[in-house]
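See below for the structure under consideration.
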């Protein structure tokens, strides 16, 4: 073995001795070398139990805590109460949660509460024998307004259900406005529901406010989509351009018809 080989072996042994001495000192003093992560914990076999920082962590839906469960329970109790003020209070509370960022469109628990508030008396009917089912159009209207602000697929589905089954013009007006506010997807289901609503108006009521809300909604939805050139919807809007609707509504209907006539 030459002199160079002997120096390499001696240097390696010296480095190993220094490394062992530093590790022993760290074990005795409780201090870790600067190359060890402060949060690192070593398993008995010397391997790090924690993933490196570059390992992505998949998000998990947290289990609802006690406060969350109490909140949802209180909201359910409020909207199911027979008192209108408690229903409106629960809806206002949901709106506060939305403004604070504590309620998102995909929150199924709270969206279920809003669904009940928006459809109670229409799809949800609770009545005593011999008594008419209670109806809360003001609460439904407030719930639909909030659904338009929240948006998302759950809100869209609920608003379309309201358009399909509700018969209060104030609620239906807010439902049409809500679709425009959330810029709902203009698929065949939405167009069918709006067309059916206009045809029901022709047979039952000729409410100018509702007609105006529908026309504004059609214009807004058409502007933010690939277009709503649907023959049935076009024919339905033509009925709004005739009496007994007011001249203001008739002119608005003609404007929307001209909009729908444009080339796709």
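Determine whether residue 205 is more than 21 Å from the chain's Cα centre (by Cα) and either part of a loop (DSSP other than H, G, I, E, B) or in the same structural domain as residue 104 (by TED's automatic domain parsing) (or both).
Considered against the rule, which asks whether it is more than 21 Å from the chain's Cα centre (by Cα) and either part of a loop (DSSP other than H, G, I, E, B) or in the same structural domain as residue 104 (by TED's automatic domain parsing) (or both), residue 205 comes out as yes.
Name every residue in segment 72-87 that is in contact (Cβ under 8 Å) with a residue 24 or more places away in the chain, part of a helix (DSSP H, G or I) and over 20 Å from the mean Cα position of the chain (by Cα), in order of residue number. Outline the logic, then answer.
Kept after step one, since they are in contact (Cβ under 8 Å) with a residue 24 or more places away in the chain, are these residues of segment 72-87: 72, 75-76, 79-80, 82, 84, 87.
Okay, now just the ones that are also part of a helix (DSSP H, G or I), so 72, 75-76, 79, 84, 87.
Selection gives 84, 87.
Over 29 Å from residue 65 (Cβ atoms) and either modelled with pLDDT under 95 or surrounded by 21 or more Cβ atoms within 10 Å (Cβ to Cβ) (or both): is that true of residue 129 in this structure? Step through it out loud before you land on a result.
On the way: over 29 Å from residue 65 (Cβ atoms): yes; either modelled with pLDDT under 95 or surrounded by 21 or more Cβ atoms within 10 Å (Cβ to Cβ) (or both): yes.
Answer is yes for this residue.
Being free of Cβ contacts under 8 Å to residues at least 40 places away in the same chain, within 26 Å of residue 165 (Cα to Cα) and assigned to a loop (DSSP other than H, G, I, E, B), is that true of even one residue in segment 105-112? Working first, answer last.
Initially, segment 105-112 is screened for residues free of Cβ contacts under 8 Å to residues at least 40 places away in the same chain, giving 107, 110, 112.
Filter once more, keeping what is within 26 Å of residue 165 (Cα to Cα): 107, 110, 112.
This time we only want the ones that are assigned to a loop (DSSP other than H, G, I, E, B), so: 107.
The answer is yes; a qualifying residue exists.
Would you check if residue 238 is buried (at least 17 other Cβ atoms within 10 Å of the Cβ) and in a helix (DSSP H, G or I)? Don't jump to the end; show me each part of the working.
Working: buried (at least 17 other Cβ atoms within 10 Å of the Cβ): no; in a helix (DSSP H, G or I): yes.
No, not satisfied.
Being assigned to a helix (DSSP H, G or I), within 25 Å of the chain's Cα centre (by Cα), in contact (Cβ under 8 Å) with a residue 24 or more places away in the chain and closer than 22 Å to residue 138 by Cα is true for just one of 220, 189, 174. Which residue is that?
Numbers: 220 fails: closer than 22 Å to residue 138 by Cα; 189 fails: closer than 22 Å to residue 138 by Cα.
Answer to the check: 174.
With respect to residue 90, determine if the residue is under 19 Å from the mean Cα position of the chain (by Cα) and at pLDDT 50 or above. Talk me through it step by step, then tell me what you get.
Details: under 19 Å from the mean Cα position of the chain (by Cα): yes; at pLDDT 50 or above: yes.
Judged against the criteria, residue 90 is a match.
When only residues in segment 155-171 that are assigned to a loop (DSSP other than H, G, I, E, B) and touching a helix residue (DSSP H, G or I) at 6+ places or on another chain (Cβ under 7 Å) count, which is surrounded by the most Cβ atoms within 10 Å (Cβ to Cβ)? Walk me through how you get there before you give the answer.
The first filter runs over segment 155-171 and keeps only residues assigned to a loop (DSSP other than H, G, I, E, B), leaving 166-168.
Right, trim to touching a helix residue (DSSP H, G or I) at 6+ places or on another chain (Cβ under 7 Å) and you get 166, 168.
Values: 166: 24, 168: 19.
In this case the residue turns out to be 166.
Of the numbered conditions (1) closer than 17 Å to residue 147 by Cα; (2) surrounded by fewer than 24 Cβ atoms within 10 Å (Cβ to Cβ); (3) modelled with pLDDT under 95, residue 188 fails exactly one; give the number of that condition.
The single condition residue 188 does not satisfy is (1).
Just one of (1) assigned by TED's automatic domain parsing to the domain that holds residue 151; (2) on the phi < 0 side of the Ramachandran plot; (3) modelled with pLDDT under 85 trips up residue 121, so point out which.
(2)
The values are calculated or read from the model by the stated rules, or taken from the named source; none is laboratory data. All of these numbers come straight from a predicted model, not from anything done at the bench. FYI the Cβ positions are ideal-geometry reconstructions off the backbone, even for glycines, and counts take in every protein chain you see.
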